[in-house]
Structures are given as structure tokens and as C-alpha cells.
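Structure first, commentary second.
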Amino acid sequence: MSFSKGTRAVARCARCGDKVPYLALLDDGYVKGLRVCGSCYDIAHPAEKPFRAEELIALQKPAPDIDDDSPGAGDSLVTSMGWDTYFGGGT
């Protein structure tokens, strides 16, 4: 099957809806199958790609994430975890 070259064809961007030349549309890097204009083109961030098992990214015994808005955020890690009695602090 043969297709037209599209040199004079006009198409719409799938994101903003603007009319652009057909040859100016790009395959979006983030959403598969989406054809967008250059100003709406979105690059897929490398961190969003799935990792391969042989990359050895997962940790065997991960530590919990402690946020600033968690209870006892002003305390040290030893105090907030209740270990101060083992390390000479507390009552």
C-alpha cells in the first residue's frame, strides 16, 4: 500500500488542537500513539521508565522515609525512633 507524502496536508495537534502542517507533527515521547506539534511535545523522563532486574536498584533492607511533617520532626533520628534510652539519652 502506498501513502501520500503529506507535503501540503494539514493536521490537528492531539493536545492543543492547533492546525499545523502534517509533517510538523511528532510522535509524543510520553504517550504512545499521540501526534503533537513541536510546542506540545513532551519528553519521557528517564526516571519514569521501568528498570530492568539486572540493574540491581532495589534494596534488600530499606530504611523508612522520615518526612519533615512527621511527628517528632524536630527531634533527632535517635529520639524520634525511641532509641534515645539505648544511647544514653532520655529518662
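Quick note: the coordinates plus some simple rules give every number you see, no bench work behind them. The structure presented is a predicted model; accordingly, all values stated were derived computationally and were not measured. In this analysis, Cβ positions are derived from the backbone assuming ideal geometry, glycine residues included, and neighbour counts consider all displayed protein chains.
The residues neighbouring residue 21, those whose beta-carbon lies less than 14 Å from its own, together hold a net charge of +4 under the Lys/Arg +1, Asp/Glu -1 convention.
For residue 5, the lysines whose Cα comes closer than 22 Å to its Cα, not counting residues fewer than 8 places off in the same chain, are 19. Cross-link reach is defined here as a Cα-Cα straight distance under 29 Å, omitting same-chain residues fewer than 8 places apart; for residue 49 the lysines meeting it are 32, 61.
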